[in-house]
Each structure stands twice: as C-alpha cells, then as structure tokens.
Amino acid sequence: QSDEFHWENYLKETGSLGAPSECFRQSKVPPANEFKVGMKLEAHDPRNMTSICVATVVGITGARLRLRLDGSDNRNDFWRLVDSPDIQPIGTCEKEGDLLQPPLGYQMNASSWPMFLLRTLNGSEMAPATLFKKEPPKPPLNNFKVGMKLEAIDKKNPYMICPATIGDVKGDEIYITFDGWSGAFDYWCKYDCRDIFPVGWCRLTGDVLQPPGTQVPITKSIAKTQSSLPKAAPHSMPSPQKTAIILPTQQIRKSSRIKPPLHTS
Ligand code: MLY
C-alpha cells in the first residue's frame, strides 16, 4: 500500500541517516523469540524492581514478550525483550536463596500468597532456560549524533515502537524525539538504554513499527549545514528537527486525514 511507512523512502525524504547499529545495546542479529503464550517465568516487578515475581507471557511481539504478573490485574502489563536481564526461568530465585514475591497490588490477602504461588505454578508450562537470551554488551561510548534516526519505544505507550530522531546528546544521555509528534512523548535516556533500536529492527523481528505522527510536520534534517556554521551558545538556535520544511509526502499524508472545516456550507 502506498501510504505505508518505509524507512528507505523516509530517510531519503528527510535527508537523514539511521544511527549505526553499533551505537545500540542490541544484538546485531535480533534474538529469536521462542516463547509461547501461557508460559511462566520470573520477572522483576516493574513497579518495585527489587522484588522478583511470577509472570505469564500473555503476548508475543517481535523480540519482546507481553508479561502479566500472577496475582496482579490486566492493567499493569509490561513488555520485555527475550534478552532482558529482568526475566529469568522459574526456579532461578529459589536457586539463589530468594523468595518469589507477590506483585505490588496483589489483589488477595497477603496471607494467601504461599498457597496462591503453589497453585499458580502447579501444572503450569514454565519457559525453558534456553529461551532466555544473554543481554548484549554495552557499546563502550555514546556515538549517537543529533539528527540520527532510530526506532524507539514510546514509554507512555510501551507496546508502541515508533520512528524517532536524536534531538540532543549530553554526555551518556540522549534525547529521543518522536517524528510527527509534538514533544509530549519525548524523553532523555542513557545511550545504552534497551528501549531503542536501529532502523529496520521491527522489520527484522516482526514487531509492529508505528507510522510517524501527523501532529507536527516532518522536517528535513539540516544537520550538515548546522554543523558547518560557527558554534553558537547552546540553545540559541532552533534544533534541526524544529525547523519546519514540509515534505511533499507529508502533505499528501496529512491531506488525506484533514477534517472538513466547521464552517463548510
Ligand atoms: N492514544 C495516544 C497515542 C499516542 C502515541 C504517541 N506515540 C506514538 C509517540 C494519542 O493519540 O495521544
């Protein structure tokens, strides 16, 4: 279909480049996802990272698992890569002399936890250890540059992976901006954050890549002309992505969604 998102065209249209895969803490070949819905594992409670809980795989999306903590409700699902250090096989906790904890917001009486645990694990399918992949090493340095494109998790809607641009770089931190969206979803993270991926990640893993937003026009990168200018005080110039040059394809995309004006006769 013609209005589908294609990185190749998009990079050309925006005059931008994808951040090199060596910039990311991700495997060059994405890890295989061999988990199945219904399998159980141990996971750090995202709302209380020091406690390790039982989780069930409730969905598979690319190299990620949609997880739900046993004893919790369905409104606190979270997503983890199969090579995330936050997940491990059932039994790991016990082997290390720890106890599996009830999740934050455990719905039943705390005294019922030991029996609940017994019942939830009894007869369940436990994900075998071979499905858990080793976390890739950190790249030694932050090599991201302003203007580079990538795929990034929208932390406010963590099932979504979206086209994004490096908006700023400060030491080990990078600023993730979402293409076509006004700043509301942007965030700072470490360069070795596991929530960001090189261009093409979703195509390789089979995860869903969202199309860019249509809130603000997609702008053509002028990073080259910027860097050739004499260095000015930081923040005295608009950042490259904020300089609006509406691209033809974006106009087409927008016009197909334009609502009729209220005063039409
Ligand atoms: N329902 C939300 C989704 C916004 C997602 C923005 N991400 C992709 C940057 C909304 O429309 O506001």
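The values are calculated or read from the model by the stated rules, or taken from the named source; none is laboratory data. On a predicted model such as this, the values are computed, not experimentally measured, just so you know. Here Cβ is always computed from backbone atoms with ideal geometry, including for glycine, and neighbour counts include all displayed protein chains. Just the protein is used for accessible areas: all its heavy atoms, side chains included, with ligands, DNA and RNA removed. Shrake-Rupley method; radii C 1.70, N 1.55, O 1.52, S 1.80 Å.
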Inside the stretch 132-151, the number of residues satisfying the requirement of being over 19 Å from Lys12 (Cα atoms) and either of a type outside the set (D, E, K, R) or open to solvent by less than 30 Å² (accessible area, probe 1.4 Å) (or both) is 9
Let me spell it out: the conditions are (1) open to solvent by 30 Å² or more (accessible area, probe 1.4 Å); (2) under 16 Å from Asp195 (Cβ atoms); (3) without any contact (Cβ under 8 Å) to a residue 40 or more places away in the chain, and Ser21 meets all of them except one. Which number is the exception? (3)
For the stretch 33-88, which positions are of a type in the set (S, T, N, Q), under 19 Å from Lys155 (Cα atoms) and crowded, with 18+ Cβ neighbours inside 10 Å? Ser84
Could you please tell me which pairs satisfy a Cβ distance under 8 Å, a separation of 6+ or placement on different chains, a first residue in the stretch 190-205 that is under 20 Å from Ser16 (Cβ atoms), and a second residue that is aliphatic (A, V, I, L, M) and in a helix (DSSP H, G or I)? Val199/Leu11
Which residue, of Gly91, Gly15, is surrounded by fewer than 18 Cβ atoms within 10 Å (Cβ to Cβ), small (Gly, Ala, Ser) and either in contact (Cβ under 8 Å) with a residue 60 or more places away in the chain or under 23 Å from Lys138 (Cβ atoms) (or both)? Gly15
How many residues, within the stretch 195-214, are assigned to a loop (DSSP other than H, G, I, E, B) and open to solvent by 40 Å² or more (accessible area, probe 1.4 Å)? 7
What residue, of Lys170, Lys231, Lys242, Lys220, is at pLDDT 95 or above, open to solvent by 50 Å² or more (accessible area, probe 1.4 Å) and charged (D, E, K, R)? Lys170
I need every pair where a residue in the stretch 165-181 that is under 12 Å from Lys149 (Cβ atoms) has its Cβ under 6 Å from the Cβ of a residue that is of a type in the set (Lys, Arg), sequence separation at least 6 or different chains. Thr165/Lys149
